[in-house]
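These notes are about the structure you will find just below.
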């Protein structure tokens with residue numbers, strides 16, 4: 001909440017007129033810090049709006065809520081702050097709404113005495129950077145160009161040709177390919193069943209896209 005409150009106060013003090021919407025989530029009304037201050041400012045400032053989302057009454061933030069926000073604020077920069085599960089869910093929703101990675105900012109609250117931790121682990125951050133924006137497109141093109149070069153120069157690896165004639169190799173690569181297809185269909189099936197909006201995680205979504213790139 002610190003980031004949102006500081007931004008609200010800055011807009012008010014500078015009278016900048018910058019548009020800001022705060023979607024504030026807490027279990028009950030009494031759990032909202034600075035509730036009265038935010039409510040009062042939102043009532044006075046036309047450029048500032050605040051939605052107090054009581055999860056025990058209204059439920060958690062869902063995909064349809066994020067879709068509405070993205071539609072309403074189509075050019076906005078989205079700042080996410082909260083528990084790791086909340087961060088991952090909202091990131092996933094925004095990504096599925098085709099919000100560019102540069103417009104998604106994650107801020108993690110670190111309590112006193114905690115060692116600083118980034119919102120995304122290094123492994124997940126690499127996956128996230130490659131699979132958002134145009135990163136995965138460039139990666140796919142790189143593999144495709146490498147294939148064209150290999151075909152044009154008629155490059156062959158003798159050890160690989162020998163291995164490909166082995167029956168065990170054929171059998172295991174066949175099973176691997178079947179598993180790959182099943183994995184790629186996994187999220188599609190969830191989408192058809194209506195589960196993808198709630199159960200997909202940001203890392204699963206990006207891995208799915210990267211796996212598609214490797215198929216090229």
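Nothing in this text is a laboratory measurement; each read-out follows from the coordinates by a stated rule. Treat the numbers as computed from the prediction; the structure is a model and nothing was measured. Positions of Cβ are backbone-derived with ideal geometry, glycine not excepted, and every protein chain shown enters the neighbour counts.
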(request) Using the number of other C-beta atoms within 10 angstrom as an exposure proxy, rank 37, 54, 30 with the fewest first. (result) 30, 37, 54
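How do 25, 55 line up, fewest other C-beta atoms within 10 Å first?
With the fewest neighbours first, 25, 55 line up as 55, 25.
Compute the Cα gyration tensor for segment 2-120, then decide on rounded, prolate or oblate, letting a ≥ b ≥ c be the square roots of its eigenvalues: rounded whenever a/c is under 1.5, prolate when a/b is larger than b/c in the other cases, and oblate in all that remain.
On the way: a/c = 1.29, a/b = 1.14, b/c = 1.13.
It is rounded, given that a/c, with a ≥ b ≥ c, falls under 1.5.
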(message) For segment 11-35 and segment 44-104, what is the centre-to-centre distance using only Cα atoms, to the nearest Å?
(response) 14 Å
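Pull up the DSSP beta bridges for segment 2-120 and report the antiparallel fraction as a percent, rounded to 5. Let's see the in-between values first.
Details: 0 of 11 bridges.
Here the antiparallel bridges make up roughly 0 percent for segment 2-120.
Sort 152-164, 79-91 for me by packing, meaning the mean count of neighbouring Cβ atoms within 10 Å per residue, highest on top.
Details: 152-164: 8.8, 79-91: 17.7.
Top to bottom by mean Cβ count within 10 Å: 79-91, 152-164.
Please order 93, 24, 73 by the number of other Cβ within 10 Å, starting at the fewest. All intermediate terms of the calculation are to be shown ahead of the outcome.
Numbers: 93 26, 24 18, 73 13.
Neighbour counts put them in this order, fewest first: 73, 24, 93.
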